[in-house]
Structure formats: C-alpha cells, structure tokens
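Chemist: Sharing a structure below in structure tokens format, with a few things to ask.
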Amino acid sequence: MTEGPRIYNLFPLLAGPLPRLRLMMDLVINHTAFDAPPIQEHPTWFKRDDTGAIVHPGAKDGKTRVVWRVLAEVDNEASPDREALWGYWRDLTLHFADLGFLGFRCDAAYQVLSGLWREVIGAVKARHPDVLFFAETLGCTPQQTLATALAGLTRPLHVVETTPADWEAPRWDLTGAIAAVNRTKAAHRALNEEGPISPVALGGEPRFGFLKATGDGREAALVLLNPNRRGGFPADDLTPAGDPSSSGERAPWQGRKRL
C-alpha cells in the first residue's frame, strides 16, 4: 500500500500529545473517487458495465435514481483479484488505527460483505483491541442491520435518528459560525448545485484555489485556501491554471456573477 496524503502525517501529533482527544474517521470501502489511483493500478478491483466502463454508485431520490459519477463502485464480491483487494482494505484500516484513530464510521456498512468486515475488524482488533467500528445503516432493512452486527461491527449508527439526548456537552459553540456559512451557501447558486470545478494558479506559493461554477456558467465561486496564516492573496496572483495572464484570454470568473 502506498503512503496516503501528507496531511495524514499530522494525526500522530494530534493523538499523541493530546490524550483527551479521541479521533474517529469515515471508513469507505465500497467505492472510491472516479480518479483514485487504484483504478489505474488495479482495474479488476472495480465493477464495470457491459461496455467495460466503470460503474458509478447511486441511490433513489423519490422516483428518480441519482448517479454519483464522481465515484467508482468497488467489486469486493466478485473481483478476480479479491484476495489482494481485501488485503488492501485490511492494511489501509490498520494504517489509520496505527496512527491513533480509535473509531471508524463504516459508510454504508450493510453494502459490504460480512466476510470482509470480519477480516478487517479482526486484524485491527488483534493489534488495537479498543478500536470501535460503527455501522452506518441508513436505508437498510432490519435483516441487514443484524448482518452487520454479526460481522463484528460495534453498533449501528443511525444518522437521522439522533436526538438532543445523544449530544455530548460541547467545549466550543460553533452554532453561530455554522449558521453564517449556511446562510452564505443558501444565497448563491454556485454553492448549491453541481458544476464544473477548475483550479486557479496562485504564483507557486503553498496556496490553493479553485473556481466552482454553476451548470449554466452564469455564476461562480472563487474559493481560496491558504495554510499559511500570515500570507494573503494578492489579486495579481490569481491566474487560471494552465491559462497564464500573458495569453490575453479572460479569466474564467470574468463576466460572471461572483460571490
């Protein structure tokens, strides 16, 4: 297994010096991003249609089936390279448990074979017996819920059935900040619908930007991320990636409503 993104190297620092901080993360082993490296490295790990194209997972929204084309469905059941595929999930989960994660929210747990869960959970608990696995069971039947429990998952996690009685006493109150973000999102179409996303070059500094547009291209949000708190974003540095200002072409946010 190759090393994950560099940001994961921060987690041992969080879990070690701060013993009161208990970390939990999502564990998704039934699909990946459509451009994840394993698609090229291990093409037989993924489900394909009659034309050989990658199968995208989806779900029913009322009478309409929504297909998530940014995702690729993993073939944990019938892959001809299933042994290596299951080993990948086992080693990946062990990697994060070794970093200090003490819990995993298992995404769509009922859609994963019980045998795979037993292999992953057994390997982790053999090394880290206190690690907990929570099954996300939204939309599954009682029989499927029972099957996940028998596979070794700690307990079902019902994401739509929590009540105030389930809340822990917070150490920080983020309700005001979250409400402000939600108001901003509600006021702009570009933040409420799927649309093209294109990178923006920021002068080679350790900063990142991207432009998220509406489907019709009439509105866009320019999102800037800066890991260096002391640095700013000079307007002269904002150049479409692969489209330098010297070309004379208009930037993708010109002529559109901006946030």
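Chemist: From (1) farther than 19 Å from V120 by Cα; (2) at pLDDT below 75, pick out the condition that doesn't hold for P156.
Modeler: Of everything listed in (1) farther than 19 Å from V120 by Cα; (2) at pLDDT below 75, P156 misses just condition (1).
Chemist: Given the conditions (1) modelled with pLDDT of 95 or more; (2) within 27 Å of L23 (Cβ to Cβ); (3) buried (at least 17 other Cβ atoms within 10 Å of the Cβ), and given that E136 satisfies all but one, which numbered condition is not satisfied?
Modeler: Unmet condition: (1).
Chemist: Which residue pairs have Cβ atoms under 6 Å apart, sit 6 or more places apart or on different chains, and have a first residue in region 161-181 that is under 25 Å from A135 (Cβ atoms) and a second that is at pLDDT below 75 and hydroxyl-bearing (S, T, Y)?
Modeler: none
Chemist: If you check every pair at least six apart or on different chains, which have Cβ atoms under 9 Å apart with a residue in region 36-49 that is more than 14 Å from D81 (Cα to Cα) first and a residue that is not hydrophobic (A, V, I, L, M, F, W, C) second?
Modeler: Here the result reads P37/T2; R48/D75, each pair linking region 36-49 to a residue that is not hydrophobic (A, V, I, L, M, F, W, C).
Chemist: Take region 182-203 and flag every residue that is of a type outside the set (G, A, S), assigned to a helix (DSSP H, G or I) and within 26 Å of L71 (Cα to Cα).
Modeler: Answer for region 182-203, where residues must be of a type outside the set (G, A, S), assigned to a helix (DSSP H, G or I) and within 26 Å of L71 (Cα to Cα): N182, K185, R189, L191.
Chemist: Another question, then. Criterion first (part of a helix (DSSP H, G or I) and in contact with a Phe, Trp or Tyr (Cβ under 7 Å, 6 or more places away or on another chain)) does E119 satisfy it?
Modeler: Judged against the criteria, E119 is a match.
Chemist: Pairs please, first residue from region 83-110 and farther than 18 Å from G152 by Cβ, second anywhere and modelled with pLDDT of 95 or more and assigned to a strand (DSSP E or B), Cβ atoms under 8 Å, 6+ apart in sequence or on different chains.
Modeler: Close Cβ pairs satisfying both conditions: L85/V74.
Chemist: A further question on this structure: For region 71-93, does any single residue satisfy the condition of being over 22 Å from S114 (Cα atoms) and not assigned by TED's automatic domain parsing to the domain that holds I197? Quick ask: steps written out before the conclusion?
Modeler: Step one: of region 71-93, the residues over 22 Å from S114 (Cα atoms) are 71.
Right, trim to not assigned by TED's automatic domain parsing to the domain that holds I197 and you get 71.
Checked against the condition, which is being over 22 Å from S114 (Cα atoms) and not assigned by TED's automatic domain parsing to the domain that holds I197, region 71-93 yields at least one hit.
Chemist: Also, I was wondering about something else. Before we move on, is W68 assigned by TED's automatic domain parsing to the domain that holds D130, within 17 Å of the chain's Cα centre (by Cα) and modelled with pLDDT of 95 or more?
Modeler: No.
Chemist: Of all the residues that make up region 19-52, how many are surrounded by 11 or more Cβ atoms within 10 Å (Cβ to Cβ), modelled with pLDDT under 95 and more than 18 Å from L92 (Cα to Cα)?
Modeler: 3
Chemist: Of the residues E119, E193, only one is at pLDDT 80 or above and in the same structural domain as R69 (by TED's automatic domain parsing); which?
Modeler: E119
Chemist: Quick one: which residue in R250, R171, R230 is outside the structural domain of G139 (by TED's automatic domain parsing) and at pLDDT 65 or above?
Modeler: Unique residue meeting the criteria: R171.
Chemist: Do we find that L153 is touching a strand residue (DSSP E or B) at 6+ places or on another chain (Cβ under 6 Å), surrounded by 10 or more Cβ atoms within 10 Å (Cβ to Cβ) and part of a loop (DSSP other than H, G, I, E, B) in this structure?
Modeler: yes
The values are calculated or read from the model by the stated rules, or taken from the named source; none is laboratory data. This is a predicted model, so every value here is computed, not measured. Glycine gets a Cβ as well: all are built from the backbone with ideal geometry, and neighbour counts include every protein chain shown.
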